[in-house]
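These notes are about the structure you will find just below.
The values are calculated or read from the model by the stated rules, or taken from the named source; none is laboratory data. As the structure is a computational prediction, the values presented were derived from the model and not from experiment. Ideal geometry is used to build each Cβ from the backbone, glycine not excepted, and the neighbour counts take in all protein chains shown. The area values use the complete protein model at the heavy-atom level, side chains included, leaving out ligands, DNA and RNA. Shrake-Rupley method; radii C 1.70, N 1.55, O 1.52, S 1.80 Å.
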Amino acid sequence: MSNDVWGTPVVADDLLYVTSFEVHALDVASGRRRFKTRDVAWAMSVSDGRIHASDGPTLYSLDAKDGSELWRKPTEGWAYTLRTDHGTVLTATRGGGVQAWEAGNGERLWELTGAQTDFETPESGPQLHDGVVYVWADGRLRAHEARTGAERWSYPVGDAASCGGVPVRLLAAPDGVTYVCAGTRVLAIDTARGDVCWRFEAPAAFLSPPAFAPGPAVTGGGVYVADYLGTVYALDPADGRDRWRIATESRQSIAPVLVADGSVHAGSGSALYTLDAVTGTPKWRFAAQGEVIGAPVVADGRVHFGSADHCLYTLDAGGGQLRWKLATGGEITGSPVAVNGVVYACSKDRCVYALDALKGTGQARPPR
């Protein structure tokens, strides 16, 4: 790319979308660019055949296949985050604004003011999950209907100071419960009614959202969280009791741990730890030469992750053996994506990589 690349790539059908000031759509097979946007895209989301992006003061929508513009609207503020779900586009603008838009035509559905302004970052802004918008405002976590803006419930999680100076993180799980990390607390809130089912208190604050695995405890089902000291907890979804807790190493990552195939994978410091999801027993630890970036991804028995040491790593998910690594000219950005036997990753060396997930070899020669 001619400019810096950031974030996590998005794969949809036969195209790979990456943000390098503009949105670039690349052919997944060859890497050839199909099109790029004419405008800067500080935030991007791809869903339902559309690209939604913001250049800051403007929200615009493009056809995901050819890049043709569908609509464009002013946001009346600098949009720092953008999310899409079930035909709704959610933006948050600096100074406490939250807006919901109709994905099809850009009609503004509703707007809030005075929302959380302490942490105006893409990762910390309002969340949109399955028709519900979650906003942290005035010391309360508020749930609003995505299409109407009507408040469904609110709960006093506390302001930034009472949450230890870290943003609230949450996960709306498929079991009908929203799991919330607020400082040193984990709360389980009924998504429909707002009732608190249980709360769990840890010695240290949580920087990342919870992870959830369905199923009974004997197969690894549960809620999994990691605090900034690197302690990983397995909580029972029914009552919040910690089934086990295991110390790793200091963890500054804001990415959740990954639960897959009966294992918990956690990037802590410069190492990737894999624990048994049922017992917490450490399975293996792999040390990189720099901090683990983003979240790992597991596919076909392999775990892929990026590091600040400029490398993309692929390990055997069961035993932790290094299968291959790729040295790039910069830090890996965001998280890698694994689709159909191919791993895609972006690096601060201004390159996008597509690699055979099994061998680590390139998929195609870059177009000239």
> Do you know the Lys pair count in the chain for C-alpha distances under 28 Å, with sequence separation 8 or more or different chains?
Replying inline: 10
> Carbon and sulfur: what percent of the chain's accessible surface (1.4 Å probe)?
Replying inline: 49
> So how do 106-113, 36-43 stack up, highest first, on mean other-Cβ count within 10 Å?
Replying inline: 36-43, 106-113
> With point charges of +1 on the Cβ of Lys and Arg and -1 on the Cβ of Asp and Glu, referenced to the Cα centre of the chain, which listed residue (Phe35, Leu59, Trp110) lies farthest in the positive direction of the dipole?
Replying inline: Phe35
>> So if I restrict to the alpha-carbon atoms in the range 117-211, what is the Rg, and what is Dmax, the biggest pairwise distance, in Å?
In response: 12.2, 39
>> Nothing charged except the Cβ atoms of Lys and Arg (+1) and of Asp and Glu (-1): what's the magnitude of the dipole of the chain about its Cα centre? Round to the nearest 20 debye.
In response: 740
> Using 7 Å Cα-to-Cβ label points, what is the Ser270/Glu145 separation (nm, one decimal)?
Replying inline: 5.3
>> Cut-off 18 Å, label point 7 angstrom out along Cα-to-Cβ of Asp138: give me the residues of the range 160-176 whose amide nitrogen falls inside.
In response: 160-162
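Residue separation times 0.36 nm, minus the C-alpha to C-alpha distance between Lys359 and Val218: what's the value?
Between Lys359 and Val218, full extension yields 47.4 nm more.
Normalise the Cα radius of gyration of the range 228-287 by 2.2 N^0.38 Å (N = residues in it) and let me know the number.
Relative to the 2.2 N^0.38 Å estimate, the range 228-287 comes out at 1.06.
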> Quick one: what do you get for the range 10-150 if you divide its Cα Rg by 2.2 N^0.38 Å?
Replying inline: 1.04
> Mind listing P(r) for the chain? All alpha-carbon pairs, 10 Å bins, whole percents.
Replying inline: 5, 23, 31, 28, 11, 0
> Just going by the charge dipole of the range 156-266, with Lys and Arg at +1 and Asp and Glu at -1 on Cβ, which of Trp244, Ala172, Gly220 is farthest out on the positive end?
Replying inline: Trp244
>> Could you report the chain's accessible area per residue, 1.4 Å probe, as an integer in Å²?
In response: 41
> Which whole-Hz couplings ³J(HN,Hα) result when phi for each residue of the range 4-19 is put into the Karplus expression 6.51 cos²θ - 1.76 cosθ + 1.60, θ = phi - 60°, listed in order with x for Gly and Pro?
Replying inline: 4, 10, 9, x, 9, x, 10, 10, 9, 6, 9, 10, 10, 10, 9, 9
> Between Thr117 and Arg152, what is the FRET efficiency for a Förster distance of 30 Å, r being their Cβ-Cβ separation, to the nearest 0.05?
Replying inline: 0.85
> What is the local net charge at Lys283, summed over the other residues whose Cβ is closer than 12 Å to its Cβ (Lys, Arg +1; Asp, Glu -1)?
Replying inline: -2
> Between the range 126-190 and the range 209-279, what's the alpha-carbon centroid distance in Å?
Replying inline: 21
> What nm distance separates the two modelled labels at Ala204 and Ala287, each placed 7 Å from Cα along Cα→Cβ?
Replying inline: 1.8
> Over the chain, what is the relative contact order in whole percent, taking alpha-carbon pairs under 8 Å and six or more residues apart?
Replying inline: 10
> What percent do you get for the relative contact order of the range 1-57 when only Cα pairs under 8 Å and 6+ apart count?
Replying inline: 22
> Under unit Cβ charges (Lys, Arg +1; Asp, Glu -1), what dipole magnitude, rounded to 20 debye, does the range 92-145 have relative to its Cα centre?
Replying inline: 120
>> Just want the answer: with Cβ charges of +1 for Lys and Arg and -1 for Asp and Glu, which residue in Pro210, Ala288, Val196 is farthest toward the dipole's positive end in the chain?
In response: Ala288
> Given +1 on the Cβ of Lys and Arg, -1 on the Cβ of Asp and Glu, and no further charges, what dipole in debye does the range 1-97 carry about its Cα centre, rounded to the nearest 20?
Replying inline: 120
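Any chance you could tell me what percent of the C-alpha pair distances in the range 178-323 go past 18 Å?
Considering the range 178-323, 53 percent of its Cα-Cα pairs are separated by more than 18 Å.
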> Distance in nm between label sites at Val339 and Trp110, each 7 Å beyond Cα in the beta-carbon direction?
Replying inline: 3.3
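I want to verify the translational diffusion coefficient of the range 281-368 in µm²/s; compute it with Stokes-Einstein, Rh as the Kirkwood radius over Cα pairs, at 25 °C and 0.890 mPa s.
Values: Rh = 13.0 Å.
Value of D from the Cα-based Kirkwood radius: 189 µm²/s.
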> What does the charge add up to near Asp4, with Lys and Arg as +1, Asp and Glu as -1, over the other residues with Cβ less than 12 Å from its Cβ?
Replying inline: -1
> Rounded to the nearest 0.05, what FRET efficiency is calculated for Glu102 and Ala29 with R0 set to 51 Å and r the Cβ-Cβ distance?
Replying inline: 0.90
> Which semi-axis lengths, in whole Å and largest first, follow from the square roots of five times the eigenvalues of the Cα gyration tensor of the range 81-168?
Replying inline: 22, 13, 10
> Tell me, what is the 1.4 Å probe accessible area of Cys351, in Å² to the nearest 10?
Replying inline: 50
>> I need two numbers for the range 53-107: Rg to one decimal and Dmax as a whole number, Cα atoms only, in Å.
In response: 10.7, 34
